[in-house]
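S.K.: Below: one structure in structure tokens.
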Amino acid sequence: PTKAQVNRILQYLVDDLVEFWDPGVIIPTPKHPEGRLIRSVLIPLVCDLPASNDVAGFRHHGATFPCPYCWITLSELGELDSAFPPRFASVHRESASAWKSAETEDEQNRIEEEDGARWSELLRLPYWDPMAFKVLDPMHLTTTLYERHCRKVLGMN
């Protein structure tokens, strides 16, 4: 799906999650027919890298700023001796909000290129932290590490 389609689908989920977060929903139970206050949150975002970037409002791995966790640039990817400044949810949220309120597609593209951020419906959740809640692509990370370990460390073909 396109990024717009992803946000359109997320909109319905987020509408419900916002209500369940604050004020919460009173649901009757057999033990409490008058109802119990129920609150819920969405915390981990677990999917492959392209999907998680689309859902969380980041650019893809070929972008100027390919990492959703730090400010490494595409040209610095081979650099192992440097520490790169971390991204912060507040800055991402601010850039994504600017992207959302941009009046032209060119302005959105500029914000996306400069800040590596675009709007995600999940940012409507006041507690949502895209850096902390986005799980690093477990499937590809695991398979890549296993393959590298078997081939390079163990010398298997």
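S.K.: Measure nothing fancy, just the Cα-based angle from helix 105-115's long axis to the longest principal axis of the chain, in degrees from 0 to 90, nearest 10.
M.R.: Long axis of 105-115 versus the principal axis of the chain: about 70 degrees.
S.K.: Let me ask you something else. Report which label in (i) 2, 11, 21, 25, 23, 14, 4, 1; (ii) 2, 8, 12, 14, 14, 11, 7, 5, 5, 4, 4, 4, 3, 3, 3, 2, 1, 1, 0; (iii) 2, 8, 14, 17, 17, 13, 9, 7, 6, 4, 2, 1, 0, 0 holds the value of P(r) over Cα pairs in 5 Å bins from 0, in percent derived from the coordinates of this structure.
M.R.: Checking each listed value against the structure points to (iii).
S.K.: Something else about it: At 0.36 nm per residue, minus the direct Cα-Cα distance, what do N157 and L136 gain on full extension? Give it in nm, one decimal, please. Please list the in-between numbers first.
M.R.: On the way: separation 21, 0.36 × 21 = 7.56 nm, distance 2.69 nm.
Between N157 and L136, full extension yields 4.9 nm more.
S.K.: Express in nm, to one decimal, how much length is gained between I27 and C150 on full extension, taking 0.36 nm for each residue of separation and deducting their alpha carbon distance. Before the final figure, lay out each step's value.
M.R.: Numbers: separation 123, 0.36 × 123 = 44.28 nm, distance 5.20 nm.
Computed gain between I27 and C150 is 39.1 nm.
S.K.: Among L122, L77, which comes first, then next, by fewest other beta-carbon atoms within 10 Å? Intermediate values should be presented prior to the final figure.
M.R.: Details: L122 22, L77 11.
Fewest to most other Cβ atoms nearby, the residues stand as L77, L122.
S.K.: Still on this structure, I have one more. Between K134 and residues 5 or more places away or on another chain, which pairs have amide H atoms under 5 Å apart, with H built 1.01 Å from N, and which residues are they?
M.R.: L45
S.K.: Let me ask you something else. Karplus couplings for segment 141-146 from phi (6.51 cos²θ - 1.76 cosθ + 1.60, θ = phi - 60°), rounded to Hz, Gly and Pro as x?
M.R.: 4, 5, 5, 5, 5, 4
S.K.: How would you order 82-89, 63-70 from highest to lowest mean count of nearby Cβ atoms within 10 Å?
M.R.: On the way: 82-89: 11.9, 63-70: 16.9.
Order by mean packing, descending: 63-70, 82-89.
S.K.: Based on the mean of other beta carbon atoms within 10 Å per residue, what is the order of 128-137, 49-58, 34-43, most packed first?
M.R.: In descending order of packing, they fall as 49-58, 128-137, 34-43.
S.K.: Still on this structure, please answer the following. Which residue, G24, G116, G78, tops the fluctuation ranking in a GNM of the chain built on C-alpha contacts under 10 Å?
M.R.: Greatest mean-square fluctuation among the candidates belongs to G78.
S.K.: What ³J(HN,Hα) values, in whole Hz, does the Karplus curve 6.51 cos²θ - 1.76 cosθ + 1.60 give for segment 79-93 when θ = phi - 60°, with x put for Gly and Pro?
M.R.: Result, rounded to whole Hz: 7, 9, 8, 10, 9, 10, x, x, 7, 10, 4, 4, 5, 4, 4.
S.K.: Based on the Cα coordinates of segment 48-121, what is the per residue volume of their convex hull in Å³?
M.R.: On the way: hull volume 6.4 nm³, N = 74.
Once divided by residue count, the hull of segment 48-121 is 87 Å³.
S.K.: List the pair-distance distribution P(r) of segment 1-84, using every Cα-Cα distance, as the percent of pairs falling in each 5 Å bin from 0 up to the bin containing the longest distance, rounded to whole percents.
M.R.: The distribution over segment 1-84 is 3, 12, 15, 14, 13, 11, 9, 8, 6, 3, 3, 2, 0, given as percents.
S.K.: Quick one: which residues, 5 or more positions from C70 or on another chain, have an amide H under 5 Å from its amide H? H modelled 1.01 Å from N in the peptide plane, none for Pro or chain starts.
M.R.: Close amide H contacts, sequence-distant or interchain: R87.
S.K.: How much net charge surrounds G24 when only the other residues with a Cβ under 13 Å from the Cβ of G24 are counted, with Lys and Arg +1 and Asp and Glu -1? Write out the running numbers ahead of the final one.
M.R.: Numbers: positive: R36, R39; negative: D16, E19, D22.
Taking every Cβ under 13 Å from that of G24, the sum is -1.
S.K.: Would you please classify the overall shape of segment 54-96 from the alpha carbon gyration tensor, given that a ≥ b ≥ c denote the square roots of the eigenvalues, rounded means a/c under 1.5, and beyond that prolate means a/b larger than b/c while oblate covers the rest?
M.R.: Numbers: a/c = 2.87, a/b = 1.51, b/c = 1.90.
Oblate, since a/c reaches 1.5 and b/c is not below a/b.
S.K.: Can I ask one more? Quick check: the angle from helix 3-21's long axis to the longest principal axis of the chain, C-alpha only, nearest 10 degrees?
M.R.: Rounded to the nearest ten degrees, it is 40.
S.K.: Given points 7 Å out from each Cα along the Cα-Cβ axis, report the R36 to S90 separation in nanometres with one decimal.
M.R.: That separation, rounded to one decimal, is 3.6 nm.
S.K.: Which order, highest average first, do 142-152, 104-114 follow once you tally other Cβ atoms within 10 Å for each residue and take the mean per peptide?
M.R.: Per-residue mean Cβ counts within 10 Å order the peptides as 104-114, 142-152.
S.K.: Okay, helix-only estimate at 222 nm for the chain: each DSSP H run of n ≥ 4 adds -39500 (n - 2.57), divide by all residues, round to 500 deg cm²/dmol; what do you get? Provide the component values of the computation, followed by the final result.
M.R.: Numbers: 6 runs with 66 residues, N = 157.
Theoretical 222 nm ellipticity from helices: -12500 deg cm²/dmol.
S.K.: A follow-up question, please. Averaged over all directions, how much area does the convex hull of the C-alpha atoms of segment 97-141 cover when projected, in nm²?
M.R.: Details: hull surface 16.8 nm².
Answer in nm², one decimal: 4.2.
Quick note: the coordinates plus some simple rules give every number you see, no bench work behind them. Being a predicted model, the structure only gives us computed values, none of them experimental. Cβ coordinates were reconstructed from backbone atoms using ideal geometry, including for glycine residues, and neighbour counts include every protein chain displayed.
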